[in-house]
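The values are calculated or read from the model by the stated rules, or taken from the named source; none is laboratory data. Predicted model only: the values in this text are computed from it and were never measured. Because the Cβ atoms are built from the backbone with ideal geometry, glycine has one as well, and the counts that use them run over all protein chains shown.
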Amino acid sequence: MSDRTEVRTSLAPAAIGPYAQAVVADGWIWVSGQIPLDPETGKLVEGGIRAQTHRVFRSLEAVLEEAGGGLDTVVKASVFLADLSNFEAMNEVYAEYFGASRPARACVEVARLPRDVDVEIEVVARVRS
C-alpha cells in the first residue's frame, strides 16, 4: 500500500467541494485544479485573464511548496480555459512562472468552469529529493 497524504495550505483557496487541494503519494504531488479565488476572501480575482492566471499560479506555488515541491518539479500541467481566445495572454503569464522548466501540457477550452472563472490549472509534480 502506498503512502498518501492530503495537502492543505491557507495560502491557496480552500477546496470548494469534497476534494483535497493536493495529494502526495509515492513521491508524486497531484494538485487539484486551482481557480483564481483570493484565499483570504474566497472571492474571484478581478482584472481579466492575466490577473486570474497570476492568482492561479500563486496558489499552485503555495500548494506545491506545502507538499514539498515547486513549479520546477512539475512534470505535467492541464490548463482549462473558458474561452480559447484568452490562450495567448494566459500563455504569456504561464511562461513567466515556468521559464525554462517546461512541463508537458494540455490546454483545452471548456464550456464552463467553477464560479464562471476564465482559467483553471491542475498540475502533477515530483516531491523534491
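What residue, of ARG102, ARG4, ARG58, ARG8, is of a type outside the set (A, V, I, L, M, F, W, C), within 13 Å of the chain's Cα centre (by Cα) and within 21 Å of VAL124 (Cβ to Cβ)?
On the way: ARG102 fails: within 13 Å of the chain's Cα centre (by Cα); ARG4 fails: within 13 Å of the chain's Cα centre (by Cα); ARG8 fails: within 13 Å of the chain's Cα centre (by Cα).
Answer to the selection: ARG58.
Selection of region 61-88 for residues being in contact (Cβ under 8 Å) with a residue 24 or more places away in the chain and among the hydroxyl-bearing types (Ser, Thr, Tyr) yields THR73, SER78.
Taking the condition of a type outside the set (Phe, Trp, Tyr), surrounded by fewer than 18 Cβ atoms within 10 Å (Cβ to Cβ) and in contact (Cβ under 8 Å) with a residue 40 or more places away in the chain, does ARG126 pass? Outline the logic, then answer.
On the way: of a type outside the set (Phe, Trp, Tyr): yes; surrounded by fewer than 18 Cβ atoms within 10 Å (Cβ to Cβ): yes; in contact (Cβ under 8 Å) with a residue 40 or more places away in the chain: yes.
Yes, satisfied.
Of the candidates ALA20, ALA106, ALA25, the single residue that is modelled with pLDDT of 95 or more and either under 22 Å from ASP118 (Cβ atoms) or touching a helix residue (DSSP H, G or I) at 6+ places or on another chain (Cβ under 6 Å) (or both) is ALA106. Annotation note: Cβ proximity below 6 Å between a residue of region 19-44 that is closer than 17 Å to ALA77 by Cβ and a residue that is of a type in the set (Ser, Thr, Tyr) and part of a strand (DSSP E or B) (sequence gap 6+ or interchain) occurs for GLN21/SER32.
The set of residues from region 80-123 being surrounded by 13 or more Cβ atoms within 10 Å (Cβ to Cβ), more than 15 Å from ARG50 (Cα to Cα) and aliphatic (A, V, I, L, M) comprises LEU113, VAL123.
Among the residues of region 1-46, the one identified as on the phi > 0 side of the Ramachandran plot and touching a Pro at 6+ places or on another chain (Cβ under 9 Å) is GLY42. Residues in region 63-72 that are surrounded by fewer than 22 Cβ atoms within 10 Å (Cβ to Cβ) and within 13 Å of the chain's Cα centre (by Cα): 3 in all. Here is the figure for region 90-129: residues that are in a strand (DSSP E or B), in contact with a Gly (Cβ under 9 Å, 6 or more places away or on another chain) and of a type outside the set (Val, Ile, Thr) total 4.
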